[in-house]
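**Student:** The structure follows.
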Amino acid sequence: MRQGFRQSMAWLHTWSGLVVGWVLFAVFVTGAASYYRAEISEWMRPELQTGAPIDAGRAADLAADYLRAKAPAAQGWFIGLPQPDKPVTELYWWNDLVSPLQHALLDPRTGAPSPARDTQGGDFLYRFHFELNMPPLWGRWIVGLCAMVLLVALVSGIVTHRRIFADFFTFRRRKSLQRGWLDAHNVTGVLALPFHLMIAYTGIVTLAPMYVPWGITAAFKGDETRFFVEAGLSPEVRLPVGKPGSIVSLAPLVATAQARVSEPLEHVAVYNPGDAAATIVTIFEEPKGLAHLHPQIAFDGATGAELGTTGLVRPATRISAAFVGLHEAHFAGPALRALFFLCGLMGAAAIASGLILWSVARLPKAGERPGLGFRLVRALNVGAVAGLPVGLAAYFLANRLLPVGVAGRADLEVRIFFGAWAAIALAALLRPHLRAWREALGLASLLFLAIPVVSALTTGAQAFDGAARFLGFDAAMLATGLLLAFAASEAGRTRPPRRAEPAVPAGRPAQRAAGTPQARSAAPAPARRRA
Amino acid sequence: MTPIVLALNFALSFAGLAALALSLDRHHRDAFLSRPPKARARGLRVAGWAGILLSLAASVALEGWNFGPVQWIGALTGASLLVVALLSYRPGWLRPAALAALPLALIALPFALRG
């Protein structure tokens, strides 16, 4: 028996998709949410009032004072300057390259620790998107491998889909169960196919120097910083000389830098702040354009003299930066960003419907006992697809309900996110399958609908002053809740609603596919309930 | 101005994709309960591709080769999702919606050109 090319591709698509689907679903959802990372962070720190102008130079000096006291021997300080939509100074510092980054938020006007509640905000979802909350290198490798398999699944999926143009607009939700899921999978996959291909490919490119470092290692004899300098991505950073020193005031450098570049100044990095050869680098927002290239100016830490700027980049670097830019879509205005978000959700929907399709296509016949693998896949589907929204809603609710002063608050929020997710995944193993879907999605829906209410009750007046700051976020939560309620009502349906169907000529694929589930729904009730 | 250009893109893409969908037997039957006559199917197909190409032309002319194609593809994706949703839930609305999109595109055009 000769296996055709299409069949082998179908096999590849089915199994490669199943293996990485659960991880990729979470990656797509958190990635889509990351398009609104700043808005999520703003919502999760309701104490911060946006809008009033802030002196960036003074904020930088206050940050340096704080860091001098807190981390004088650090290898580097990374100061995120306050912006109009983010009125807080965000500090990161590291003592060596192995231990985790240290982090603090300061009030930009006083230099004291910020009054905002302790939370990772949208940054948690952003980092989860490519690190899965694991040690960074592990997480990136896993997400990267999944992205590579995603590319395989996309290409083999295109080959497998035999009627890509004829079925382009087709979603037959009233035909058989399997046909409905197949159409949903095809429509969400094909309509946003340019996005899916782009996002998988650019996602891999973003971390390519990590996955295939050997070119850089060989060409630069292991000196990777040299590569970034020569590629025009980073100005020259000096090595420490081992003599103690102190850095100049940052405010004049901030003013000098701001006078030279028209983009907003985002970060000030200080390398080897306690050394005589400290380097201060000012990093700007990227100019409007596809490429994700931040202009930078470097200064001598001891004298404040200018050391260099990032030069013009050559085409290869520009193309690679454009890939990163396309992935992150910083260039996109609100409307286009909403479309990117929608495409991300369509990717998640394509993965979820693919996972469900796998199990629907393998439903045991009436009276047959489902195998262990089958039951495990189905339970994992519920856990991954319905558990994640429950976790996300729990994360947002925890942000509002945990006492503001409680110790380790940011970690607690994250633990609640994973706890809620894991609880749903476990419950899915214990509950009857269709009920598990309905209950988990229903719970997620209720939790999302509760978010605006809980937020209004706990933040009180804060939420309503100004121009109704969180109206957009609240609307998004309500929309998500309603969408999940719709999903909950649709889930748990064993067969499509009855409707007078036009006669389908015999032998059409639709009818063949329709055979199994219809036979199943005619089975006696107890057999159905077990499935 | 990006949002208004995006709206223009979206309207043109939507009208074009709706025409393409209606040129297919299955969806024509969904909307009109009959198969399209040959000439009509061809006309719809030509109109559909014209709408899609016009949308590309508009996005490239107004946003440049840098952002134009990105925005065009985004608009196409969003518009095609709307076509599928209408076909699945309210097939009868597809034609009036597509016909309404054309004057909307005409209204958006001067604003897009001025912006």
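**Student:** Could you give the angle, 0 to 90 degrees to the nearest 10, between helix A:471-490's Cα long axis and the longest principal axis of the Cα atoms of chain A?
**Tutor:** Between the helix axis and the principal axis of chain A, the angle is about 20 degrees.
**Student:** So, one more: About its Cα centre, what dipole magnitude does the stretch A:367-501 give when the only charges are +1 on Lys and Arg Cβ and -1 on Asp and Glu Cβ, stated in debye to the nearest 20?
**Tutor:** For the stretch A:367-501, the charge dipole is close to 580 debye.
**Student:** Next up: Just rank A:GLU306, A:GLU47, B:GLU63, fewest to most, by other beta-carbon atoms within 10 angstrom. List each step's numbers first, then the result.
**Tutor:** Details: A:GLU306 15, A:GLU47 12, B:GLU63 21.
Placing the least packed residue first, the sequence is A:GLU47, A:GLU306, B:GLU63.
**Student:** A follow-up question, please. Taking the Cβ of A:THR206 as the centre, find all other residues whose Cβ is under 14 Å away and add up their charges (Lys, Arg: +1; Asp, Glu: -1).
**Tutor:** 0
**Student:** While we're on this one: Using θ = phi - 60° and the Karplus form 6.51 cos²θ - 1.76 cosθ + 1.60, what ³J(HN,Hα) does each residue of the stretch A:442-456 get, whole Hz, x for Gly and Pro?
**Tutor:** Result, rounded to whole Hz: x, 4, 4, 4, 4, 5, 5, 5, 6, 4, x, 5, 4, 4, 5.
**Student:** Roughly how tilted is helix A:315-328, in degrees to the nearest 10 and between 0 and 90, from the longest Cα axis of chain A?
**Tutor:** Between the helix axis and the principal axis of chain A, the angle is about 60 degrees.
**Student:** Under 16 Å Cα to Cα from A:LYS221, which lysines show up? Leave out anything in the same chain fewer than 8 places away.
**Tutor:** none
**Student:** Of B:ALA15, B:PRO36, B:ALA57, whose Cα points farthest to the positive end of the dipole of the stretch B:2-114 (charges on the beta-carbon: +1 Lys, Arg; -1 Asp, Glu; origin at the Cα centre)?
**Tutor:** The Cα lying farthest towards the positive end belongs to B:PRO36.
**Student:** Let me ask something else. Once you have the alpha carbon radius of gyration of the stretch B:2-114, what is it after dividing by 2.2 N^0.38 Å, with N set to its residue count?
**Tutor:** 1.06
**Student:** Taking the Cα centre as origin and putting +1 on Lys and Arg beta-carbons and -1 on Asp and Glu beta-carbons, what dipole magnitude results for chain A, to the nearest 20 debye?
**Tutor:** The dipole of chain A has a size of about 3900 debye.
**Student:** Additional query: Return an integer: the convex hull volume of the alpha-carbon atoms of chain A, in Å³ per residue.
**Tutor:** 181
**Student:** While we're here: What size of dipole, in debye to the nearest 20, comes out for the stretch A:147-283 about its Cα centre when the only charges are +1 on Lys and Arg C-beta atoms and -1 on Asp and Glu C-beta atoms?
**Tutor:** Once rounded to the nearest 20, the dipole reads 940 debye.
**Student:** Could you tell me the center-to-center distance, by alpha carbons, between the stretch A:242-319 and the stretch A:417-442 in angstrom?
**Tutor:** Distance between centres, Cα-based: 49 Å.
**Student:** What ranking do B:SER34, A:SER156 get, fewest neighbouring Cβ atoms within 10 angstrom at the top?
**Tutor:** Least crowded to most crowded, the residues run B:SER34, A:SER156.
**Student:** Among the aspartates and glutamates, which have Cα under 13 Å from the Cα of A:LYS365 when same-chain residues fewer than 8 positions away are ignored?
**Tutor:** Hits, sequence-local ones excluded: zero.
**Student:** Just tell me which aspartates and glutamates come within less than 13 Å, Cα to Cα, of A:LYS175; anything on the same chain fewer than 8 places away is out.
**Tutor:** A:ASP183, A:GLU501
Read-outs: derived from the displayed coordinates by stated rules, not from any lab. Everything quoted here is computed from the prediction, not taken from an experiment. Using ideal geometry, Cβ is built from the backbone for each residue, glycine included, and neighbour counts are taken over all protein chains shown.
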